1. For the stretch B:204-252, what is the convex hull volume of the alpha-carbon atoms per residue, in Å³?
2. Expressed as a whole number of Å, what is the distance separating the alpha-carbon centroids of the stretch B:233-273 and the stretch B:104-118?
3. Could you compute the FRET efficiency for C:THR188 and B:LEU26, with r as their C-beta to C-beta distance and R0 at 51 Å, rounded to 0.05?
4. How many Å³ per residue does the convex hull of the Cα positions in the protein assembly as shown occupy?
5. Nearest 5 is fine: what % of DSSP beta bridges in the protein assembly as shown come out antiparallel, could you say?
6. When the accessible area of the stretch A:89-256 is computed with all protein chains present and a 1.4 Å probe, what percentage of it is carbon and sulfur?
7. How big is the Cα convex hull of the stretch C:107-250 in projection, averaged over all directions, in nm²?
8. Could you work out the mean count of beta carbons from other protein chains within 10 Å of each residue's beta carbon in A:146-152?
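The values are calculated or read from the model by the stated rules, or taken from the named source; none is laboratory data. Model, not experiment: these values are computed from the prediction. Backbone-built Cβ (ideal geometry, glycine too); neighbour counts: all protein chains shown. For accessibility, only protein heavy atoms count, side chains too; no ligands or nucleic acids. Shrake-Rupley method; radii C 1.70, N 1.55, O 1.52, S 1.80 Å.
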Amino acid sequence: MWYVLQRVGYAVLVIFLASLVTFAALRVAPGDAITSMLNPTTTPPDVIAQYRQSLGLDLPLWEQYLMYARGLLTGDFGISLTDRQPVMDIVLNGAVATITLALAAFIVAFGIGVPAGVLAALHRDSLFDRIVRGIGSFFNSVPNFVLALILVLVFAVQLRWLPVSGIGSWKNVILPTLVLAADPCALTMRVTRTSVIEQANADFTRTLRARGIPGGRVNWVHVLRNSLNSVVSLGAVQIRTLLGYTLIVEVIFRWPGLGSQLVQSILNRDYPVASALALLLAVVVVIASALGDLALRWVDPRIRVSSGGSA
Amino acid sequence: MSGTSSPALRGPRRRLMPRYLGVSVLLWAVLAIFAILAIIGWAVLLVPSLSSLWTDQSLRSTFLPPFSDGFPLGTDNLGRNFAWRLIAGIGVSVFVGALVAVISVTLGLALGIFAGYFGRAADAGTNVVIDVTWAFPEILLAIVLAGVLGPGLEAVILALSLTGWAAFARIVRGEVLSLRERDYVAASRVLGYGKVRISVRHLLPNLIPITLVMTVYFMAVAIVAEAGLSFLGLGAQPPTPSLGGILSQGRDYLNSSWWPVVLAGLALSLMVLTLNYVSDGLRDHLDPRVGGRR
Amino acid sequence: MTIAPAQAPVRVEGLHLIRHGASGPEDLVTDLSFDLPRGSALALVGESGSGKSLSALAIMGLLPQGVQVAGGTVSLFGQDSSRLSKRDWRRLRGTRLAMIFQDPMTSLDPCFKVGAQIVETILAHEDISRADARARAIELLEQVQIPDPQARLHAYPHELSGGLRQRVMIAAALALRPEILIADEPTTALDVTTQAAIVSLVDDLRRDLDLGVLWITHDLGVVSQLADRVAVLYAGEMVECATKDEIFAAPRHPYTVGLIDSARVREPGIPFGLIKGSVPEPGAWPTGCRFAPRCPIAQDACATHPLASAGEEHMTRCHFPGKAVLQ
């Protein structure tokens, strides 16, 4: 229990520091909200001063941060500079699209990566193993935006089976999901394979065989169970990777999620939106990694006791 | 060694290609070709009198396919010679990749040793910084930084260097933690040598193999990231050619010309694949713990 | 009190094990023969690299990848083991033939409670209810003298001490009342007092259950408490085999002499250790007597391979048996 509190506390600390980073980025960014909203050459100085005051830009930095933080905690993320929409609405609009995409990719990456990795490990050096490893190092090296363009060229432009971009039908989901899942799937496959091979060579499998436990049970129950912790710790890393990739993949496929909003807002210098979205993604990553650590303790009985005291 | 129950009992695998430093000569050759292309690319980019090679437009010969007269790789939407643009783009990629790799590895080395060898407070502090950095997916942090600094290659280099070091610092820290328990380091400590001196004399030499491996690996990562940022319009600004920029432009003309996307994608992927294989091979060769001897 | 002595449950005859090394096949074990009757204890003694563990794994049909039986036979309960199908093997292991291993930390699955691992073994061979299997597991833990077995059932391996873990391993191995127990250095990873406790536990179980025990060790001290016969292995072959008393009282092979000598408690002033150097790696064995390069009494004749004095109660593979003596 103590560990859980510790871990949650650390996550909160990291989130706090991350919010300092996004706040700083907001401040450091060239041109503040005023110069973006009002044309400084035509607006009288006293009007600008009035605006500054109303937005709290004349206060000391730490007070501005407190305002910023209070806003974050109450769900007030500020107002978009380009279309004057509350940032919260933008977030809510984009969240569903991004979660759909990321979840689909996550399922594909693990749904294919784990079984393929296990099978490759159990049939080490077989044809299947070599194919899996080949595909793995291919997807590991082809940047996802290149893969995206190639898939679009083949399946959308040439074959016309799938739409080039946009949202609407289930066909729109296929290409972005595949592109997003490719690299995480390759990594999952590789980590699973390595881990299963390691565990399959562990001493305890020999003991189990010596007791007459059927080989299938040794592999699919004991070896798999022992490989689970590397797969679980991979899960948290993958969420971070996936969120990073959504930025590019959403832009390519004009997918109206948080990623494309974020890139758009940076290109438009819409800093409140960019800062809020960046922090939001960071919070998701921090929570995922904390959950990953906690899940790891649950999965691996050795960690559970060794550092947890009397739980 | 007893060897009675060692699992490595299979015969040695036959290799078709001779190897150097654990990497097939074929890969070294590909790497050399890219290096040569990159040098040509720099020449073309930096020598003003050569810039016409990749800037000359001709609206009468747009979208020429490869193997056209005078344009071995065809032309782009403005009728520019695509071969020269591709080579210049490779030059940009390699330059940014190498620079970012060197900066991130240096930073990672310094902070990793700092965390691993200079006490618990240093360790905890560095760890928090790493975790905050890691809270943002690399590409996101790079995008934010590039956005704040304004688009351009300088911003990209800074952004990628400031995000790339964290992973390496973690690795170095782990290495240092195990190295400091070794006898000769402990002995130097007993002899009263300072921490900085021990770091330079004993820790650094032991970190050279992993540093080499990770430099190559980071170069691959940085090349992809630079291309990604340029693809999003945050990296090299037109008319400077970059692989990401070529891909982003080519995407708009996929219907009329496929070769810019395919060729730039191929060059980029091949470069990354080669670097990844080289770093894997080097690691197996230099770091017997991970790879297994020979 | 059988009239015609039936064949021993385990009979090894001329066993020859090889692996495929970088330069063709290499011998790992050559011409190994012994019987293991029920109720007896045979100690297989040798340094690491002598092939003793591989021989045990060959009996269990669990040779690591790349190691093969190139000749000789292992008969299990009257059957040629090379004829056994995968299914026969599975039914045999755990039920009639059991094995425990060196490191009880890595030899138990760290992710499963020890009770579950014993229950699993029982259920793999017998069609009984889980509750019955659990009751049996408790009995077994009692039998191997684990205090508070009910609670230990729910412990993970890492929550137990090394001695308790080894007891759990023994309990799981004995779950199906096997006739033969192979113990591959089961006490090496334990401290001295725990070692003695485990040895006497196995000795008790051997008597109670009429077990045939094959005890593999490099430690002659352990052997003196437990075995009734001792076989000494060097560089893949048996160099001496006799009753325990014979071996200790009148060793005939210089290597055995050296082993006993280095195991004795030393008085000050006596030079330590008779045997210099180390066991040659497989593939680097001398053509003649494999021990000759390290042997204190080696002569010209030792360049030829010595034959085993076959058929004798006290077997020796030496050109000059009995010439090296204990001081």
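1. Considering the Cα atoms of the stretch B:204-252, their hull volume per residue is 76 Å³.
2. Taking the Cα centre of the stretch B:233-273 as reference, the centre of the stretch B:104-118 is 36 Å away.
3. 0.60
4. Considering the Cα atoms of the protein assembly as shown, their hull volume per residue is 235 Å³.
5. 65
6. In the stretch A:89-256, the share of accessible area belonging to carbon and sulfur is 68 percent.
7. With every direction weighted equally, the projected area is 9.6 nm².
8. Partner-chain Cβ atoms within 10 Å, mean over residues of A:146-152: 6.
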